[in-house]
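The values are calculated or read from the model by the stated rules, or taken from the named source; none is laboratory data. Predicted model, so just to flag it, every value in this text is computed and none were measured. Heads up, the Cβs are rebuilt from the backbone with ideal geometry, glycines too, and the neighbour counts pull from every protein chain shown. These area figures cover heavy atoms from the full protein model, side chains too; ligands, DNA and RNA do not enter into them. Shrake-Rupley method; radii C 1.70, N 1.55, O 1.52, S 1.80 Å.
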Amino acid sequence: MATLELRNVNKTYGNGQADTLKNIELAIDSGEFLILVGPSGCGKSTLMNCIAGLEDISGGAILVDGQDISGMSPKDRDIAMVFQSYALYPTMSVRENIAFGLKIRKLPQAEIDAEVARVAKLLQIEHLLERKPAQMSGGQQQRVAMGRALARRPKIYLFDEPLSNLDAKLRVEMRTEIKLMHQRLKTTTVYVTHDQIEAMTLGDKVAVMKDGIIQQFGTPREIYNDPANLFVAGFMGSPPMNFIPLRLQRREGRLFGLLDSADGHCELPLGEVEEGLEGREVILGVRPEQVLVGAGSGALPGIRAEVQVLEPTGPDTLAFVEINQAKVCVRLAPDAAPRAGDSLELQFAPDKVLLFDAQSGERLGALGKARSPERLARVAQLKGR
Amino acid sequence: MPKQPSFSLARLAIYATLILACAVYLVPLVVMLLTSFKTPDDIRTGNLLSIPDVFTLIGWVKAWDSIGGFFWNSVKITVPAVLISTLLGALNGYVLSMWRFRGSQLFFGLLLFGCFLPFQVVLLPASFTLGQFGLANTTGGLVLVHVVYGLAFTTLFFRNFYVSIPNALVSAARLDGAGFFTIFGRILLPMSIPTIMVCLIWQFTQIWNDFLFGVVFASGDSQPITVALNNLVNTSTGAKEYNVDMAAAMIAGLPTLLVYVFAGKYFLRGLTAGAVKG
């Protein structure tokens with residue numbers, strides 16, 4: 001149980017290379033589950049290694065319970081880590097693997113035995129205790145790796161893409177189990193993943209990273225509904241958010257976005273938007289499930305478009321149409337699905353769509369929604385970099 | 001794959017070739033063994049491949065009498081040199097793969113030169129150094145020379161094995177609180193059995209069979225068996241006792257032969273370890 005705070009953490013390998021981590025600034029409360037998510041090479045694993053003490057930081061501070069640990073060696077930080085490759089000691093049995101850290105800390109044998117028994121029961125690996133890592137399946141090795149981390153009851157758990165070596169079915173199972181375990185143990189956890197579904201499902205807080213910079217830090221809900229920029233909007237969500245290039249037109253003091261398809265066109269009222277937007281290149285972002293189809297209310301503007309491809313996924317059917325020369329994905333209920341070649345009446349709820357600057361990728365003034373001062377400050381912080 | 005017929009001309013050709021190759025390699029050994037069990041008279045009258053009239057151990061007893069002491073010299077040189085060079089090589093490999101430092105790649109590259117260095121090149125500097133240390137003509141000096149010369153190879157073996165081991169293993173151990181030597185001794189060394197066997201076999205063969213260092217850096221009673229064997233075979237006084245020569249050669253060669261027989265399977269396994277991920 002501990003709070004974790006990163007203050008202006010920087011990491012550079014020197015010799016003229018770009019910085020690996022730039023001004024990382026975030027804080028989580030005791031017991032919270034933090035997700036670091038981003039594409040490969042974004043610095044998320046480096047950041048995790050810095051927290052663990054496996055790599056030194058070049059600047060800033062890492063605080064656990066208010067105490068700066070950035071100068072400490074890994075063994076003094078009271079942090080346990082689960083590795084992507086599990087990193088089980090191959091010559092030791094499961095029991096020895098779990099007990100290794102306790103033995104090195106010179107705990108009495110009785111305590112070690114009790115702790116191994118507790119962890120084994122918690123993870124249901126009691127029947128595996130005498131096996132060697134090579135004699136177990138990937139899922140079992142994964143459990144043992146978690147058991148080794150749990151055994152020391154550390155202040156903070158670190159998970160480095162722990163599920164990426166498992167097959168799809170097991171991955172979903174273990175995801176639920178990790179969440180269940182966290183709900184039960186309430187230990188502060190940092191979890192690195194490149195999988196946005198893991199990020200959405202597991203996290204109390206999510207930090208989306210790219211090029212060593214935190215693009216956005218917030219709850220999964222905020223990240224999903226209120227992305228700070230094009231990158232975050234496109235990274236979170238599957239299928240990803242549709243991005244439609246938009247021309248803007250001002251008429252009678254109001255701003256409209258022009259949408260065109262082969263079958264028709266429409267003018268999307270955008271309400272009051274930031275000044276000076278006119279004539280700029282803007283991108284409209286709308287999630288596949290936010291495109292309304294057919295029945296819609298007459299109050300919303302609509303556009304007809306031909307379905308080019310259908311992808312039934314089971315629970316949903318994805319229909320692809322073309323608007324403003326961009327491919328747009330629409331999520332439909334399977335029994336309401338049209339056929340390829342059919343024409344659909346599509347509607348966009350103006351309060352759901354997002355606008356982004358095409359050049360910088362930054363989010364533009366929310367449509368009709370006032371921005372919270374807090375959010376503005378965060379954007380300002382991002383822009384300042 | 002379609003089932004191969006159990007007999008075909010191609011298969012016959014393959015086996016014939018293999019048997020021929022075996023014979024080519026084995027005939028010298030057979031000749032040596034047969035000769036070593038013959039009496040000198042038998043050798044003069046019979047041909048190379050004839051079976052001895054009477055099997056006798058005279059040759060072996062005589063051979064042991066003249067070179068047995070040197071056999072123990074070789075043991076005293078080889079065993080410490082093999083163990084020390086293997087252990088140091090493992091430690092070097094561990095540092096060069098898991099605890100990289102600035103310039104460690106260059107360091108490793110330079111160390112590799114040791115593998116290509118001919119023996120003759122180091123004779124004079126080595127002899128000078130041994131003299132300075134007061135180790136000239138001692139068993140200890142010969143051990144030192146072999147350890148230094150073998151380090152390049154053993155380091156190469158261990159470093160290449162450890163490079164194939166994920167670094168996360170060391171990271172995990174560090175988070176568990178293990179230090180430099182604990183990680184080495186408790187985690188990496190137990191994994192290295194095949195590589196250790198490769199080093200032991202390689203170094204044992206090199207050092208036991210070494211002649212040049214032995215003849216240069218040892219004298220008189222401290223000479224290794226290879227030098228003693230040479231002296232025995234090259235004596236020009238009296239009649240040539242081929243049975244004694246052959247028996248002595250067998251005695252000199254036996255330890256390496258046994259090492260291969262007993263540890264050979266590790267040798268292949270160790271040499272290919274890390275080549276294929278599995």
Can you tell me the dipole magnitude for chain A around its Cα centre, using point charges on the Cβ only (Lys, Arg +1; Asp, Glu -1), in Debye to the nearest 20? 1160
Quick one: compute the contact order of chain A, relative version, from alpha carbon pairs under 8 angstrom and 6+ residues apart, as a percent. 15
Measuring from the longest principal axis of the C-alpha atoms of chain A, the long axis of helix A:168-185 (C-alpha) lies at a number of degrees, nearest 10, equal to 70
Provide the gained length on full extension for the span A:Ser40 to A:Ser238, in nm with one decimal, where the gain is 0.36 nm per separating residue minus the Cα-Cα distance. 69.5 nm
Whole-angstrom Cα spans of segment B:102-205 along principal axes, big to small: 48, 27, 26
I need to check one value: relative contact order of segment B:1-56, counting alpha carbon pairs closer than 8 Å and at least 6 residues apart, in percent. 28
Leaving ligands and nucleic acids out of the surface, order B:Thr154, A:Thr219 by accessible area at 1.4 Å, largest first. A:Thr219, B:Thr154
Along Cα→Cβ, 7 Å out, is where each label goes; now give me the distance between the ones at A:Arg153 and A:Asn225 in nm to one decimal. 3.9
What is the spread of the Cα atoms of segment B:15-159 along each of their three principal axes, largest first, in whole Å? 69, 48, 25
Mind pulling the angle between the C-alpha long axis of helix A:138-151 and the longest principal axis of chain A? Nearest 10 degrees, somewhere in 0 to 90. 70
Over segment A:4-235, with every protein chain in place, what whole percent of the accessible area is carbon and sulfur at 1.4 Å, could you tell me? 49
A:Lys179 - accessible surface, heavy atoms, 1.4 Å probe, Å² rounded to 10: 80
With all protein chains modelled, accessible area of A:Ser58 [1.4 Å, Å²]: 70
Protein-protein interface of segment A:71-96, residues with accessible area decrease of at least 50 Å², isolated chain reference, 1.4 Å probe: A:Phe83, A:Tyr89, A:Thr91
If you project the alpha carbons of chain A onto their three principal axes, what span does each projection cover, largest first, in Å? 80, 47, 36
Most fluctuating residue given options A:Leu107, A:Leu270, A:Leu150, as computed from a GNM of chain A linking Cα atoms under 10 Å: A:Leu107
Using C-alpha positions alone, give me the convex hull volume of the protein assembly as shown per residue in cubic angstrom. 270
Sorting B:Ser85, B:Ser219 by accessible area (1.4 Å probe), largest first, what list results? B:Ser219, B:Ser85
Pick out, in residue order, every one of the chymotrypsin sites (Phe, Trp or Tyr not before Pro) in segment B:55-128 that is DSSP loop and has at most 16 other C-beta atoms within 10 Å; say none if there are none. B:Phe55, B:Trp99, B:Phe101
Identify which of A:Asp167, A:Asp335, A:Asp226 has the largest mean-square fluctuation in a Gaussian network model of chain A, with springs joining Cα atoms closer than 10 Å. A:Asp335
1/(1 + (r/R0)^6) with r = Cβ-Cβ of A:Glu281 and B:Gln105, R0 = 51 Å, i.e. FRET efficiency to nearest 0.05, evaluates to 0.60
What number, in nm² with one decimal, is the all-direction average of the projected area of the convex hull of the alpha-carbon atoms of segment A:242-368? 7.8
About the Cα centre, charge dipole magnitude for segment A:242-368 (Lys/Arg +1, Asp/Glu -1 at Cβ), debye: 0
Hey, what's the Cα Rg ratio for segment B:224-264 versus the globular rule of thumb, 2.2 N^0.38 Å? 1.38
Set Lys and Arg Cβ to +1 and Asp and Glu Cβ to -1, take the dipole of chain B about its Cα centre, and tell me which of B:Leu156, B:Phe204, B:Val145 lies farthest positive. B:Leu156
List for segment B:180-219: residues with 10 Å² or greater reduction in accessible area, all protein chains versus chain alone, probe 1.4 Å? B:Thr182, B:Arg186, B:Ile187, B:Pro190, B:Met191
Calculated [θ] (222 nm, deg cm²/dmol) that DSSP helices of n ≥ 4 give over chain B, each run adding -39,500 (n - 2.57): -24500 deg cm²/dmol
Charge dipole (segment A:148-266, unit charges on Cβ, about Cα centre) - positive-most of A:Ile214, A:Gln196, A:Leu259: A:Ile214
Quote to one decimal, in nm, the extra length available between B:Asn47 and B:Gln120 on full extension: 0.36 nm per residue of separation minus the C-alpha distance between them. 22.3 nm
Loop-located GluC sites (Glu not before Pro) in segment A:114-172, at most 10 other Cβ atoms within 10 Å (DSSP): A:Glu130
Mind giving me the FRET efficiency for B:Phe211 and B:Ile14? R0 is 51 Å, r the Cβ-Cβ distance, nearest 0.05 is fine. 0.85
Of the residues A:Gln135, A:Pro227, A:Ala52, the Cα lying farthest along the dipole of segment A:4-235 towards its positive end, which is defined by charges on the beta carbon of Lys, Arg, Asp and Glu, belongs to A:Gln135
Could you tell me how far the Cα centroid of segment A:56-95 sits from the Cα centroid of segment B:126-171, in Å? 34
For the pair B:Phe262 and A:Ala61, the simple spin-label estimate (label points 7 Å beyond Cα toward Cβ) gives in nm 6.3
For A:Asp263 and A:Gln359, what does the FRET efficiency come to when R0 = 22 Å and r is the distance between their Cβ atoms, rounded to the nearest 0.05? 0.15
Contact order relative to length of chain B, as percent, for alpha carbon pairs under 8 angstrom and 6 or more apart: 30
Which helices, taking whole DSSP H runs in chain B, have alpha carbons extending 30 angstrom or more along the helix axis plus mean Kyte-Doolittle at least 0.5? B:9-36, B:58-98, B:139-163, B:242-272
What ratio of Cα Rg to 2.2 N^0.38 Å holds for chain B? 1.27
For the protein assembly as shown, size of Cβ-based charge dipole, Lys and Arg +1, Asp and Glu -1, in debye: 1120
Residue separation between B:Leu254 and B:Thr237 times 0.36 nm, minus their alpha-carbon distance, gives in nm 3.4 nm
